[in-house]
1. Within the stretch 94-116, can one find any residue that is in a helix (DSSP H, G or I), at pLDDT below 85 and hydroxyl-bearing (Ser, Thr, Tyr)?
2. Restricting attention to helices (runs of 4 or more DSSP H) lying wholly within the stretch 133-230, give those where 2 or more residues are modelled with pLDDT of 80 or more and of a type in the set (S, T, N, Q).
3. Is at least one residue of the stretch 71-86 part of a helix (DSSP H, G or I), farther than 30 Å from residue 171 by Cβ, of a type in the set (Phe, Trp, Tyr) and modelled with pLDDT of 90 or more?
4. Pairs needed: first member in the stretch 15-30, part of a helix (DSSP H, G or I); second member anywhere, surrounded by 15 or more Cβ atoms within 10 Å (Cβ to Cβ) and of a type in the set (Lys, Arg); C-beta distance under 7 Å; at least 6 residues apart or different chains.
5. Would you please name the residue that is farthest from the chain's Cα centre (by Cα), looking only at residues in the stretch 74-86 that are surrounded by 12 or more Cβ atoms within 10 Å (Cβ to Cβ) and more than 16 Å from residue 195 (Cα to Cα)?
Amino acid sequence: MKRDIQINYGVLDQIIEQLHTYKNALHQMEQSLTSIAVYVENNEGKSLDAWDDRMQQSKKHIKSYENQIDDLLNLFENYVSDSTTYISPLSRNSMMRVNRNDIWWNLSQMESGLNNHLYRVTMETNKSPSFLFSMFDDVTPEEKERSRYNKQQIEGIRGDLKSSKRILEKKMEDLWDLYDSKVKKFENVDDDYASKANVVKKSYTSFLEGIGDVVSGTAEGAWNFVKGLG
């Protein structure tokens with residue numbers, strides 16, 4: 001599971017376009033072989049028979065290549081379609097980065113800061129500004145009026161604070177919903193297509209080629225380990 005995903009969709013678009021070019025070229029080759037076969041059928045000779053055999057083999061190879069290209073097209077086109085359903089790049093030709101761990105950390109920090117600040121502010125507004133007046137008997141009417149006014153102001157602030165708290169908590173919930181419905185699912189698409197790509201690779205990789213990949217990968221890992229020690 002890769003948490004830090006970096007994708008340039010412009011590059012993927014170019015790959016898809018190139019695969020379509022290859023597919024069209026193979027289709028034209030197949031049509032050309034069909035046209036040649038018509039001419040060969042009207043003639044006889046050992047050399048022509050050999051040519052016919054070669055053309056039949058070529059058609060089989062072309063069909064095999066077309067299947068490979070179709071699988072790759074399905075892989076790339078569906079990946080682009082499925083992943084951008086959740087998160088689309090702001091610029092098609094720029095590198096887009098989605099780091100699930102960073103996003104989770106930032107949201108957690110925002111939520112923690114929000115809760116801490118709201119708690120402290122709530123505690124401050126719950127303090128009464130006029131508790132000292134009860135200790136004196138000679139409180140003037142003006143002071144009583146000021147105390148009453150201050151209480152009203154505090155009550156208004158408390159009401160505003162409760163309203164702001166509900167709004168901010170709702171915004172925070174919306175951000176977490178985006179994280180769950182977009183970021184997580186975007187990453188799941190990437191994981192899913194990593195498995196699909198591996199299946200496609202295995203389908204068109206011979207046993208010896210697979211052994212070569214393992215050997216080269218092991219050698220590269222060993223060399224990186226040696227460089228790391230250095």
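The values are calculated or read from the model by the stated rules, or taken from the named source; none is laboratory data. Keep in mind that this is a model prediction, so the values were computed, not measured. Here the Cβ is made from the backbone with ideal geometry for all residues, glycine too, and neighbour counts use every protein chain on show.
1. No, because not a single residue in the stretch 94-116 is in a helix (DSSP H, G or I), at pLDDT below 85 and hydroxyl-bearing (Ser, Thr, Tyr).
2. Values: elements: 141-178, 184-203, 207-229.
It comes to 141-178, 184-203.
3. Initially, the stretch 71-86 is screened for residues part of a helix (DSSP H, G or I), giving 71-84.
After this cut, where a residue has to be farther than 30 Å from residue 171 by Cβ as well, the list is 71-81.
From the residues that got through so far, the ones that are of a type in the set (Phe, Trp, Tyr) too are 76, 79.
Still in the running and modelled with pLDDT of 90 or more: 76, 79.
Yes, there is a match, as at least one residue in the stretch 71-86 is part of a helix (DSSP H, G or I), farther than 30 Å from residue 171 by Cβ, of a type in the set (Phe, Trp, Tyr) and modelled with pLDDT of 90 or more.
4. The qualifying pairs are 30/59.
5. First, pick out the residues of the stretch 74-86 that are surrounded by 12 or more Cβ atoms within 10 Å (Cβ to Cβ): 74-80, 82-86.
With the extra rule that they be more than 16 Å from residue 195 (Cα to Cα), the set shrinks to 84-86.
Working: 84: 8, 85: 10, 86: 8 Å.
Ranking the qualifying residues of the stretch 74-86, first place goes to 85.
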